[in-house]
Each structure stands twice: as structure tokens, then as C-alpha cells.
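Inspection log for the structure reproduced underneath, given as C-alpha cells.
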Amino acid sequence: LDLPEDPHQDARFGDLLREGAEIWRDYCQDRAGEFHRVIPADHAAAIEALAAERARAHTFLELGSATGVITIIADLLGFEAYGIEIEPDLVEISEDLAARVGSGATFVEGSFVPPDYRDQVDLLMSDYMTPTEGADAYGEIGLDIADFDLVYAYPWPGEEDWLIELVRRHGGPRTRLMIYTVRDGYEI
């Protein structure tokens, strides 16, 4: 798939952004008063950030893909795109959304923390939000972090360092990490 001349003029991106916002609204309404681990990044800005990386990267992995919008954006931009999500209902939401907008993105249920790194994460910090237990998502997709050119995550505040360390230890020589924060937006 070629990069669209102007992704914002491509109806698929507009449809995806609208549906993503509706899914988020419904998700929050369905869980009113409950704690959940889903906070959406700036999806419109993700289009620009990912388009800027497309010349350098072919494969994309989202760690904690939630409703799948960013992974689907990557797919629509021409990446071979994968999302790992620990919540089964969110994987289903992501797969349904991908099908509706014509995306071939792949979503896998499980932990994005490799099994051989889980004990080390526990030692790095005592108070973190990211669940480290769960199915081995990498075994499911048959790829490791080192197989991806671009890895993306929106870490909980204070979890940036261990996430960077995870990708440093498990990424390959060409693996780059993109992180989103509310303060700084998208950064490599």
C-alpha cells in the first residue's frame, strides 16, 4: 500500500478517527465509575508522526493497542502492523474496527512484556500500572520486538524508563521506539 498523498484527505482515515472517538465514548460510558487501563493518544497527530517514519520503517508494533486505532493507522499508511493488547474485549473491538475500515492490521491478545523480562520489570519498579502477566503475545505472532522497525507505546506516567529499557534490551539494531506523552506528543 502506498502512502496516501495527504492521509487527512483519505476517507479511511477520517472514518477511522470518527469511529475511534465513538468507540472511546462508548467504552467510557460502559465503564462509568470503573477503573480501566485505556487512555487514547492523539489519533490525528499519530497520522503525521507515523507518516514521517514510513520511509525508515516497514514493520510496526503497538504495545498495549487498546481499541486499535493507532495500529490501524499504521496499517493504512503501509506498515506491516501488529498490536498487542492484554484485554480480550479490546482485541475484539480492534479486530472489528479494522474490518470496518478495510485494514489488515493484526491484533493479538497477551502481554507485550516478553516472558524472560517479566521478573526484571518487577525488580525495576514497585508501583506500576502495566500488567506484566498474560499470554506470550510474541509466541502467538511468531515475531519478537527485535523483528520490528518501529515499536510504539503510550506509557503510564513514570513508566517511560522501563519501557525504553525493555525495547533497548529486546529490540534489534534497527528497532526504534516511538512514545506518546500528553506533554511532548510523539517522540522517537
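So what J values fall out for the range 97-103 if you push phi through Karplus, 6.51 cos²θ - 1.76 cosθ + 1.60 with θ = phi - 60°, rounded to Hz, Gly and Pro as x?
4, 4, 5, 5, 9, x, 9
From the phi of every residue in the range 76-87, what ³J(HN,Hα) in whole Hz does the Karplus formula 6.51 cos²θ - 1.76 cosθ + 1.60 yield, where θ is phi - 60° and glycine or proline is x?
After applying 6.51 cos²θ - 1.76 cosθ + 1.60, I find 5, 7, x, 6, 7, 10, 10, x, 10, 9, 7, 8 Hz.
For the range 137-188, what does the relative contact order come out to in percent, with C-alpha contacts under 8 Å and a separation of six or more?
RCO, the range 137-188: 40 percent.
Every number in this text was worked out from the coordinates using simple rules, so none of it is lab data. As the structure is a computational prediction, the values presented were derived from the model and not from experiment.
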